[in-house]
Amino acid sequence: MLTLFDRKALIGMVHVPALPGSPRHSLPIDRIIADAADEARILAESGFDALIIENMHDRPYIHGAHGPETVAAMTRAGLAVREVARRGDTPLPIGVQILSGGNREALAVALAIGASFIRCENFVFSHVADEGLLARAEAGPLLRYRRQIGAEHIHIFCDIKKKHASHAITADVSVAEAAEAAEFFGADGLIITGAATGKPARTEDVAEARRASRLPLLVGSGVTPEQVAPLLQHADALIIGSWIKRDGIWSNPIDPARCRHLAEAFNQARAG
């Protein structure tokens, strides 16, 4: 398997179609799995270095514990994605995110499918988010659960001041201080985003996080081909989920031409 951060990495989002039990669920489970695998295949063939599977179509999200139907479906999707996410004969690293706050579930899925990392949005500090009050920081319980199930080889990349949330209560906590807290609490990597899905991260925030921490630094929203080079001056990886869709809208089908264009811009910036 390729290892993340041996060089700058381009990470593509696989937005698994709405799962059983969620309000927008409509497709048979076999079609859900096939669609996820198709997206993964396009991303791998376009030159992406790693993938994340995410249940983003399950909106509106519930926060906290998720049902066994979600864990089962995400496990099936992850196994299908793993089969096609390859560069030649080499498997690509895979990550898992289960919205919202399904971090224990994501770790369990990651362990079952042989994934490399999960994404956690509420690792340190409380948040007031569009899915409600995220009162408990996840770091303490999550790291204990990771040890309990023998999954310490699975990295946890955590969002700093998560998107789709108000930060008025923690306005006196800077990006640098939040990054330092996440590192102190045992995060394996940091993710900087814009205010919402598809909204660009501020280059100043990325630079501030870079100065504050030596952890791998990822940018997690709103990346366009024009932003790749400036962001890579500070970041170790870019996560792409919106621009590579038709018309740049995250909920649309994936656009192979846009995937190739973004990957070409990334490779040029990485080489230069």
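The values are calculated or read from the model by the stated rules, or taken from the named source; none is laboratory data. Please read these numbers as outputs of a predicted model, since none were measured by experiment. Methodologically, a virtual Cβ is constructed for each residue, glycine included, from the backbone with ideal geometry; neighbour enumeration extends over all protein chains shown.
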Query - Some residue of region 245-253 being in a loop (DSSP other than H, G, I, E, B) and in contact with a Lys or Arg (Cβ under 6 Å, 6 or more places away or on another chain) - result: yes
Query raised in the report: Counting only residues that are out of contact with any His (no Cβ under 9 Å at 6 or more places or on another chain) and not basic (Lys, Arg), which one in region 47-60 is farthest from GLY95 (Cα to Cα)?
Result: PRO60
Query raised in the report: Just checking, how many residues over region 151-195 are at pLDDT 95 or above, over 21 Å from GLN97 (Cα atoms) and among the β-branched types (Val, Ile, Thr)?
Result: 2
Report task. Give the residue, chosen from ALA106, ALA44, that is crowded, with 20+ Cβ neighbours inside 10 Å, under 24 Å from GLY150 (Cβ atoms) and at pLDDT 95 or above. Result -> ALA106
Requested in this report: Might you check whether a residue that is charged (D, E, K, R) and more than 17 Å from GLY12 (Cα to Cα) occurs anywhere in region 186-198?
Outcome: yes
Query raised in the report: Given the conditions (1) closer than 21 Å to ALA44 by Cβ; (2) more than 18 Å from the chain's Cα centre (by Cα), and given that VAL223 satisfies all but one, which numbered condition is not satisfied?
Result: (2)
Query raised in the report: Within region 40-50, how many residues turn out to be part of a helix (DSSP H, G or I) and over 13 Å from GLY78 (Cβ atoms)?
Result: 6
Query raised in the report: Among the residues of region 8-21 satisfying the criterion of being within 21 Å of the chain's Cα centre (by Cα) and surrounded by fewer than 20 Cβ atoms within 10 Å (Cβ to Cβ), which is nearest to ARG82 (Cα to Cα)?
Result: ALA18
Requested in this report: Look through LEU19, LEU10 and report the one residue that is of a type outside the set (Asp, Glu) and part of a strand (DSSP E or B).
Outcome: LEU10
**Report entry** Subset of region 131-151 (residues that are buried (at least 20 other Cβ atoms within 10 Å of the Cβ) and not hydrophobic (A, V, I, L, M, F, W, C))
**Finding:** GLU138, ARG146
**Report entry** Residue count for region 217-265, restricted to those that are over 26 Å from PRO17 (Cβ atoms) and of a type in the set (Val, Ile, Thr)
**Finding:** 1
Report task. Inspect all residues belonging to region 27-36 and state whether any of them is crowded, with 24+ Cβ neighbours inside 10 Å, touching a residue at least 40 places away in the same chain (Cβ under 8 Å) and closer than 17 Å to ARG258 by Cβ. Result -> no
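Residue-by-condition table, conditions (1) buried (at least 23 other Cβ atoms within 10 Å of the Cβ); (2) under 18 Å from the mean Cα position of the chain (by Cα); (3) among the polar types (S, T, N, Q):
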residue	(1), (2), (3)
VAL84	no, no, no
ILE113	no, yes, no
GLU121	yes, yes, no
ALA129	no, yes, no
